[in-house]
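Take a look at the structure set out below.
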Amino acid sequence: MAKIEEIIAGITGPIIEENGMELVDIEFVKEGQEWFLRIFIDKETGITLDDCELISRSVEKILDDQDPINQVYHLEVSSPGLERPLKKTRDFQRFQGRLIQVKTFIPIAGKKKFIGKLINTNDVDISMEVEKETIIIPREKISKANLVWEG
């Protein structure tokens with residue numbers, strides 16, 4: 001996470017957790033002339049519109065008080081969606097056995113993109129079953145990982 005995202009995570013994380021939810025990700029991006037602060041939250045039973053509204057109001061109040069962002073921005077709070085990102089060890093542990101997609105910074109076994117079943121994980125690497133082969137990917141080599149929707 002870039003510096004502003006880390007600051008926002010430090011401010012908003014406790015509020016989100018106090019409300020029985022998990023901070024999944026934060027994005028602070030410029031689209032056209034507008035800045036957007038996107039906060040993605042989740043919980044075991046899934047996120048509702050009421051959850052998003054609750055967190056939005058709580059976070060908005062504290063961000064207005066602390067004012068950590070110099071630009072004018074739009075605050076958006078939402079679910080991470082069906083293809084939620086996997087970033088922390090606990091994300092990978094929670095979704096063991098599920099179909100995931102992983103992109104790496106450098107080629108591993110000649111590829112930089114993998115889609116397969118997440119078999120195991122720890123703080124150092126993950127193992128996936130990809131086309132009936134087990135692939136071990138060091139976590140530090142992962143540029144992006146997310147669930148794959150199996151509709």
### Task
Hey, could you check region 6-24 for residues that are charged (D, E, K, R) and either surrounded by fewer than 17 Cβ atoms within 10 Å (Cβ to Cβ) or more than 14 Å from the chain's Cα centre (by Cα) (or both) and say which is farthest from Glu44 (Cα to Cα)?
Glu6
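Would you check which residues across region 91-125 are among the aliphatic types (A, V, I, L, M) and more than 17 Å from the chain's Cα centre (by Cα) and list them? Spell out the reasoning first.
Step one: of region 91-125, the residues among the aliphatic types (A, V, I, L, M) are 99-100, 102, 106, 108-109, 115, 118-119, 124.
Those that are among the aliphatic types (A, V, I, L, M) and more than 17 Å from the chain's Cα centre (by Cα): Ile106, Ile108, Ala109, Ile115, Ile119, Val124.
Yes/no matrix, rows are residues, columns are (1) small (Gly, Ala, Ser); (2) surrounded by 14 or more Cβ atoms within 10 Å (Cβ to Cβ); (3) more than 12 Å from Arg139 (Cα to Cα):
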| residue | (1), (2), (3) |
| --- | --- |
| His74 | no, no, yes |
| Gly81 | yes, yes, yes |
| Asp91 | no, yes, yes |
| Ile100 | no, yes, yes |
| Pro107 | no, no, yes |
### Message
Among the residues of region 25-69, what is the count of those that are surrounded by fewer than 18 Cβ atoms within 10 Å (Cβ to Cβ), among the aromatic types (Phe, Trp, Tyr) and touching an Asp or Glu at 6+ places or on another chain (Cβ under 9 Å)?
### Response
1
### Query
Which of (1) within 18 Å of Ile11 (Cβ to Cβ); (2) of a type outside the set (D, E, K, R); (3) not in a loop (DSSP other than H, G, I, E, B) does Gln71 not meet, given it meets every other one?
(3)
### Task
Take the residues in region 109-145 that are in contact (Cβ under 8 Å) with a residue 24 or more places away in the chain and polar (S, T, N, Q), then tell me which one is surrounded by the most Cβ atoms within 10 Å (Cβ to Cβ).
Thr121
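Given the residues Glu83, Glu44, Glu60, Glu76, which is the only one that is without any contact (Cβ under 8 Å) to a residue 24 or more places away in the chain and under 19 Å from the mean Cα position of the chain (by Cα)? Spell out the reasoning first.
On the way: Glu83 fails: without any contact (Cβ under 8 Å) to a residue 24 or more places away in the chain; Glu60 fails: under 19 Å from the mean Cα position of the chain (by Cα); Glu76 fails: without any contact (Cβ under 8 Å) to a residue 24 or more places away in the chain.
Result: Glu44 is the single residue among Glu83, Glu44, Glu60, Glu76 that is without any contact (Cβ under 8 Å) to a residue 24 or more places away in the chain and under 19 Å from the mean Cα position of the chain (by Cα).
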### Message
Checking Ile39 against (1) at pLDDT below 95; (2) touching a helix residue (DSSP H, G or I) at 6+ places or on another chain (Cβ under 8 Å): exactly one of these is not met. Which one?
### Response
(1)
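Restricting attention to region 8-31, does a residue exist that is out of contact with any His (no Cβ under 7 Å at 6 or more places or on another chain), within 30 Å of Glu131 (Cβ to Cβ) and in contact (Cβ under 8 Å) with a residue 24 or more places away in the chain? Quick ask: steps written out before the conclusion?
The first filter runs over region 8-31 and keeps only residues out of contact with any His (no Cβ under 7 Å at 6 or more places or on another chain), leaving 8-31.
Applying the additional criterion that residues be within 30 Å of Glu131 (Cβ to Cβ) yields 24-25.
Still in the list and also in contact (Cβ under 8 Å) with a residue 24 or more places away in the chain: 24-25.
Yes, some residue in region 8-31 is out of contact with any His (no Cβ under 7 Å at 6 or more places or on another chain), within 30 Å of Glu131 (Cβ to Cβ) and in contact (Cβ under 8 Å) with a residue 24 or more places away in the chain.
The values are calculated or read from the model by the stated rules, or taken from the named source; none is laboratory data. Because the structure is predicted, anything quoted here is derived from the model rather than measured. A quick note on method: Cβ atoms are made from the backbone with ideal geometry, for glycine too, and the neighbour counts reach across all protein chains shown.
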